[in-house]
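One structure is given here, and the rest of the page talks about it.
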Amino acid sequence: MSKPVEPAGTRGKGKMSPRKMVYLVLVGLVAAALIGSIVLNVLTMMGYFPDTDVIYKGENMNQRHRKILEKNGIVHPDEEIIMFFSAGIFSVLEDGNLFTPSRVILYQKSDEEGLETFSIPFREIKSISMNTSNPSHQGFSMILVESDSESGRGFGIPVSQVENADAMFYEGLTNAWIRVRPEAAAPVDDPGNLELLSALPEEEDSEKQASAPVLPSETE
């Protein structure tokens, strides 16, 4: 008995070739990734997620993030934030570093210890330095803050080297410290310190002579 003959143009109709299936799956994955990226960017802009390792000046900081820091006692409501960045993935409370006109603050949160906050007033800081070669944190520089108080407190702040974020944070932090303790600045023969001193606000001549280091004359 012969098989019925399929009408012309109907053979294979309703079936999808493996190549077409793979193509549709890839298109779906790309579309899902694109939509997910857009949603994540929108939520980040709204402050629901931190913008990892992006340094913000205080006036550009998301107010939602600012309120979270205030609510958890990291900063005071009337305290000015000069610079801030967080390495947190889902929340700014996971990890963060910032400084105000009077102190530098580092905080971190873990399941074991909870939220820990470390703060040193600028008037108690002995030195601030930056190590750009940091084997334990590849792609990061370590900013070292050393206290001259009896407690000997100090800590390191890892800052991303992407787009010179480490240099930006280090310069801003050091400038803020020198404004509080100009006498504790690095020696004047340090070229980097000359740039920092030039960034200080203008003062009266008498105050400049009292606080600014004296450069050696060319004849000496």
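For the stretch 107-127, check the following and say yes or no: at least one residue is crowded, with 19+ Cβ neighbours inside 10 Å and within 14 Å of the chain's Cα centre (by Cα). Among the residues of the stretch 107-127, at least one is crowded, with 19+ Cβ neighbours inside 10 Å and within 14 Å of the chain's Cα centre (by Cα), which makes the answer yes.
Just to be sure I understand, how many residues within the stretch 126-174 are out of contact with any Lys or Arg (no Cβ under 8 Å at 6 or more places or on another chain) and acidic (Asp, Glu)?
Taking the stretch 126-174 as the starting set, the residues that turn out to be out of contact with any Lys or Arg (no Cβ under 8 Å at 6 or more places or on another chain) are 126-145, 149-174.
Remaining after also requiring acidic (Asp, Glu): 150, 163, 166, 171.
Residues flagged as out of contact with any Lys or Arg (no Cβ under 8 Å at 6 or more places or on another chain) and acidic (Asp, Glu) within the stretch 126-174 amount to 4.
Return a yes/no flag: does the stretch 153-172 have any residue that is in contact (Cβ under 8 Å) with a residue 24 or more places away in the chain and farther than 23 Å from Lys57 by Cβ. Yes - at least one qualifying residue is present in the stretch 153-172. Residues satisfying the criterion are absent from the stretch 131-145 (criterion: among the aliphatic types (A, V, I, L, M), at pLDDT 80 or above, assigned by TED's automatic domain parsing to the domain that holds Phe99 and not in a strand (DSSP E or B)).
Against the definition (within 17 Å of Gly172 (Cα to Cα) and modelled with pLDDT under 90), how does Lys109 come out, yes or no? Before the answer, list the steps.
Values: within 17 Å of Gly172 (Cα to Cα): no; modelled with pLDDT under 90: yes.
Taking the combined requirement at face value, the residue does not satisfy it.
Ser102 meets all of the listed conditions (1) surrounded by 10 or more Cβ atoms within 10 Å (Cβ to Cβ); (2) modelled with pLDDT under 70; (3) among the small types (Gly, Ala, Ser) but one, namely (2). If you go through the stretch 59-101 and keep only what is under 23 Å from Ala167 (Cβ atoms), in a loop (DSSP other than H, G, I, E, B) and in contact (Cβ under 8 Å) with a residue 24 or more places away in the chain, you end up with Ile82, Ser86, Ala87, Gly88, Val92, Thr100, Pro101. Here Pro121 fits the description: out of contact with any Phe, Trp or Tyr (no Cβ under 6 Å at 6 or more places or on another chain) and within 21 Å of Gly58 (Cβ to Cβ). Whether a residue is modelled with pLDDT of 85 or more and touching a strand residue (DSSP E or B) at 6+ places or on another chain (Cβ under 8 Å) was assessed, and Pro121 passes this test.
The values are calculated or read from the model by the stated rules, or taken from the named source; none is laboratory data. On a predicted model such as this, the values are computed, not experimentally measured, just so you know. A quick note on method: Cβ atoms are made from the backbone with ideal geometry, for glycine too, and the neighbour counts reach across all protein chains shown.
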